[in-house]
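Data first, discussion second: the structure below is written as structure tokens.
The values are calculated or read from the model by the stated rules, or taken from the named source; none is laboratory data. Not measured: the values here are computed from a predicted model. Using ideal geometry, Cβ is built from the backbone for each residue, glycine included, and neighbour counts are taken over all protein chains shown.
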Amino acid sequence: MPPAASSIEGLVGNTPLVELKQLSPRPGVRLFAKLEGQNPTGSIKDRIVVRILASARRSGALSPGQPIVEASTGNTGVALAMFGRRAGHPVTVCVPESVYPEIEQLLTVYGATIRRVPRQAGIKSALEVAREIVAETGAYLLNQFGTPENIAAHYEGTGPEILADLPQVDVLLAGMGTGGTITGAGRRIKEKNPGCRVIGVEPRLGVHVQGLKSLEDGFIPPVLDETVLDGKILVGNRHAFSHARRAMLAEGLFGGISSGAVLHAAMRVAGRMERGNLVLIFADAGWKYLATDLWAAEDDASIDRGEDPLDDILWW
């Protein structure tokens, strides 16, 4: 057994990689999910928050007791609310009104102050409001979209963990949120497996898939290195929801909505392969979305029925 962690921060990372044997289209194609929902606050964002806070404290950019502010659609805000409070910092999270109710409930439970922006304004306006608060109050901006520590958390953590469990990775699929996961982990895995294809998963323009964002909405996060990408797949809400449920039915994995989107994309890629190992980043767990109809009864045959012609656009 591993030694006991000295604090909850020691439980961040080292998440399991599990094979999805029931979802493979053929024996030579193997799908593996990286279960980031097993981080302390239930998402991959624990990795970047802990790293950014530690780096800011070391450099002196973040003073003891200094307020922290961030723009977030959910998981980063929750992670910051918990880890920031533990470090003695008041936390304000600027969120679009479209976030799921459980996210705001968690922010409240962890003691964060919530600042809402109109749904139509989205994350760009939430970031503008966060910067206004910084200018007015002297708070520290976490800056998940711009700090290189975001990339480093995955280059030095997520990527090596995957390679330790699965040395040969032929395809890596991850959601496009801040871009840090796919940039950092993708870059590290390509160094070891130069032939690995890195596929980004994003929602179609105008479609809200919690945890993901469309680059076509005009905001490209500075941390995203698009040269790491070999392709991207656009996914709509219906497929994201249905495949989150499919993961639960077939493999017992209670993943979130972005995990469903990544699974849907992975099954499209896997269907074109004769053999190879695909790694899927399941960024969070499904318990944060219990108020949605994500888990509503649906017969298995309907999951792939009525394909949307605007889904599954691939660039290779």
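Odds and ends about this structure:
- Subset of the stretch 146-171 [out of contact with any strand residue (DSSP E or B) (no Cβ under 8 Å at 6 or more places or on another chain) and touching a residue at least 40 places away in the same chain (Cβ under 8 Å)]: Gly146, Thr147, Pro148, Glu149, Asn150, Ile151, Ala152, Ala153, His154, Gly157
- Filtered residue count, the stretch 64-81, keeping only those that are free of Cβ contacts under 8 Å to residues at least 60 places away in the same chain and in a loop (DSSP other than H, G, I, E, B): 2
- Some residue of the stretch 213-229 being part of a strand (DSSP E or B) and either over 15 Å from Ile199 (Cβ atoms) or modelled with pLDDT of 90 or more (or both): no
- Verdict on Gly159 being modelled with pLDDT of 95 or more, buried (at least 20 other Cβ atoms within 10 Å of the Cβ), in contact with a His (Cβ under 8 Å, 6 or more places away or on another chain) and in the same structural domain as Pro16 (by TED's automatic domain parsing): no
- Where Gly88 falls short, out of the listed (1) outside any loop (DSSP other than H, G, I, E, B); (2) without any contact (Cβ under 8 Å) to a residue 60 or more places away in the chain: (1)
- Selection count, the stretch 258-290, where residues are small (Gly, Ala, Ser), assigned to a loop (DSSP other than H, G, I, E, B) and over 17 Å from Gly186 (Cα atoms): 1
- So Arg116, is it assigned to a strand (DSSP E or B), out of contact with any Pro (no Cβ under 7 Å at 6 or more places or on another chain) and closer than 24 Å to Gly138 by Cα: yes
- The number of residues in the stretch 29-46 that are within 15 Å of Ser72 (Cα to Cα) and part of a helix (DSSP H, G or I) comes to 2.
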